[in-house]
Structure formats: structure tokens, C-alpha cells
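Here is the structure we will look at.
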Amino acid sequence: MSTSARPLAPPHRRVRRHLLSSADLDRSQVRAILDTAAEMHGVQQREVKKLPTLRGRTVVNLFFEDSTRTRSSFEIAGKWLSADVINISGKGSSTSKGESLRDTVMTVAAMGVDALVVRHHASGAAHQVSQWVDAHVVNAGDGTHEHPTQALLDAYTMERRLGDLEGRHVVIVGDLTHSRVVRSNLITLRTLGARVTLVAPPTLMPSGIGAWSQADGFDLSHDLDAVLPTADAVMMLRVQRERMSGGFFPTPREYTVGYGLTRPRLDALMAANADAVICHPGPMNRGLEISPDAADAASSLVLDQVSAGVAVRMSVLYHLLAGNDEGEDS
């Protein structure tokens, strides 16, 4: 990307009006977003981190759940593209006074905003919001359903280290039942041609996952040690204890022994494939699903994922909002 603050040309292949699910994007659209993200990444290295691309556009981040990485990166992404960005949290909105989600989003949309970035604890909330408003809607995580921009930034980060993901083996490990990241990653990685294996104890395998794996062609395993030697990338998922109401595993120690990326497992992974990488969408439970040695290893892409989050979300906003709205898919 040039160091001058020139506007980018409108994208030739636009994403749909909303980004609600990773399934909304075909391979060419994923590639377009990732290629644009590579251009956007250059902005982070400049002294003046600003493009005029979305000047005059207004983006509202509506976050009804706590977030550090996603909310901050969407805010930075919008501001670096010169959009006017407003942050509204659930605790600071009228929903805390009993107002419905519908009334809240319609009130905000009535102010003439161009895009709503929505995070909500209920699965399907972002889709529902898209039915109520004319603004573009981006799903920033809905319950245990999906988190499409996280999957895009994960793929982008892995590609920067591994190259083309076609045929690469990505192993996703941990709390599959409560994760919104796993579904989006499965879809995006399979769209890019990666081989995916999900690893978890039986109690943390989602209901119906067997039929889904057979239909979509990914693998399942309860044995992390058996899968690690063939992995090109290992993504550890956070154990979401705040979503657990029962005994999904006996003790934290037993979970770590069976499914944590411990120092011995890190050594085994590197011995089998010195180029393998480690990912984690964050926040991390150090000492539970991932050891400090693994989190801070040279092969760890955890901070690269954070950096990529800004570039990818700039790309998503650009593809949704740049240019006029004529000819969009509805």
C-alpha cells in the first residue's frame, strides 16, 4: 500500500449487505477480504494511520457483552478509515432500563447510521437485528453461534506464516460446545481448502457434531496427542467457565492433562513439524488450556492475531461501506 493517504478504489466483488455468518462468504469473497486486509495492514506501520475511504460514514458498535479485542479493533478500524465511530455498551444503553433489543437498535438506526457492529449473548441476535434496520450489520459474536470476523483474522494470520491454507491441517482444540469461534473457523477454513480436525472431550463436543462432520468433511477426535504430530496449526479455545452450569470435566487439572497445550505437547508439536503455529482467539486461560510456554513461544501467533484483527475489520468495513450501495446483494 502506498504511504500516501489515497482512497482505495471501490471493491469489484462486494460482500453481501451484511456479514452475519462465515457462510455468507464464498471463496472469492473471502479472498477479496483477506487480500484487502493485507493492504490495510500497511496502515498500521505508518506514522499517520488514516485513510479517507469511509469519510462521512457512521459506524455504531453495539456491544451487549464485554469485549476488549473485538470492540477495540472495530473502533480502531473504523477510525483509521475516517468513519465516525460511536460505541454503545449494553450496560450504558437503555436495555439496562428494560428497553428491548429491537427498540434500542431501531432507535440507533433512526439516527441515520450506516453500519451496526453487534455483539450479543443470544445466538441469532445479529441476524434478527438485520431484519429490523436498513443499515449494514456485522456480527461481532452472537452467543455460541458465530464470530465471522474472528475466523477471517485467524485465516489471515495463519496464511501470513504458512502461506496458502489449501491442504493444510488445522487442529481446533477445547471447549467446542460454548465457542462461537469454532463454527465460523470451520466454515472459513474449509472454504479455503484446509483440512480441519476438532478435538475435545466428549462432554464438550456439540450435539449433532457427528452428522455435521460427515456432511462437511472435517474430522473429530478425543485424543489430542494422536492428532498433534500432523498439525500445521493448532488453535486452542478458551474454556468458557462463565457459560458452564454443570460438570463438563472433573477438575481444571484433569482438563489440562487431557486437552491442554502443555510444554511437553508443545515440544512434541515442534519436533513433528518445526513450522507449525499456535493460535488462540483470546482471552487466554494460561495454565488451563494453554501453558505460558506455548502462549509465548516463537511459534505462537496470538499477538499477530490481535494485530490482524484491525486490518481484517478495516477490510470488512471497506467492503461493506465503500462506494455507493447500488448493485449490492440484498
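The values are calculated or read from the model by the stated rules, or taken from the named source; none is laboratory data. This one's a predicted model, so the numbers in the text were calculated from it and none came from an experiment. As a convention, Cβ positions derive from the backbone with ideal geometry for all residues, glycine included, and neighbour counts pool all protein chains shown. In case anyone asks, the SASA skips ligands and DNA or RNA and just uses the protein heavy atoms, side chains included. Shrake-Rupley method; radii C 1.70, N 1.55, O 1.52, S 1.80 Å.
Using a 1.4 Å probe, how large is the accessible area of Thr68, given in Å² and rounded to the nearest 10?
Approximately 100 Å² for this residue.
So for each of 124-135, 303-314 I average, over its residues, the number of other beta carbons within 10 Å; can you give me the resulting order with the highest mean first? Each step should come with its number before you reach the end.
Values: 124-135: 18.8, 303-314: 22.9.
Going by the mean number of other Cβ atoms within 10 Å, highest first, we get 303-314, 124-135.
Provide, for q = 0.14, 0.15, 0.19 Å⁻¹, the log10 of I(q)/I(0) from a solvent-free Debye sum over equal Cα point scatterers in region 148-305.
For region 148-305 at q = 0.14, 0.15, 0.19 Å⁻¹, log10 I(q)/I(0) is -0.62, -0.72, -1.23.
Return the carbon/sulfur percentage of the accessible area of the chain, one whole number, probe 1.4 Å, all protein chains in place.
On the way: 6730 of 13820 Å².
C and S atoms contribute 49 percent here.
Any chance you could look up the accessible area of Arg160 with a 1.4 Å probe, heavy atoms only, rounded to 10 Å²?
150
Can you show me the helix-derived [θ] at 222 nm for the chain, built from DSSP H runs with n ≥ 4 at -39,500 (n - 2.57) apiece and divided by the number of residues, rounded to the nearest 500. Provide the component values of the computation, followed by the final result.
Details: 12 runs with 124 residues, N = 330.
Rounded to the nearest 500, the figure is -11000 deg cm²/dmol.
At a 1.4 Å probe radius, which order do Ile88, Ile76, Ile172 fall into by accessible area, largest first?
I get Ile76, Ile88, Ile172, largest accessible area first.
Measure off 7 Å from each Cα along the Cα-to-Cβ vector at Leu303 and Asp26, then give the distance between these two points in nanometres to one decimal.
4.0
Ala140's amide H: which non-local residues (gap 5+, or another chain) put their own amide H closer than 5 Å, with H modeled 1.01 Å from N in plane and none for Pro or chain starts?
Correct list: Val118, Arg119.
In Å², what does the accessible area per residue of region 84-164 work out to with a 1.4 Å probe? It would help to have the intermediate numbers written out before the result.
On the way: 3310 Å² over 81 residues.
Dividing the accessible area of region 84-164 by its residue count gives 41 Å².
Rounded to the nearest 0.05, what FRET efficiency do Glu166 and Asp103 have when you use their Cβ-Cβ distance and R0 = 45 Å? Could the numbers behind the result be given before it?
Numbers: r = 46 Å, r/R0 = 1.03.
My answer for the efficiency is 0.45.
In terms of the Cα gyration tensor, with a ≥ b ≥ c the square roots of its eigenvalues, is region 134-174 rounded because a/c is under 1.5, prolate because a/b exceeds b/c, or oblate?
Working: a/c = 3.44, a/b = 1.75, b/c = 1.97.
Because a/c hits 1.5 or more and a/b fails to exceed b/c, region 134-174 counts as oblate.
Students sometimes get this wrong: rank Glu47, Glu146 by accessible area, probe 1.4 Å, all chains present, largest first.
I get Glu47, Glu146, largest accessible area first.
Principal axis extents for the chain, Cα atoms only, whole Å, descending order, please.
Per principal axis, max minus min of the Cα coordinates gives 53, 49, 37 Å.
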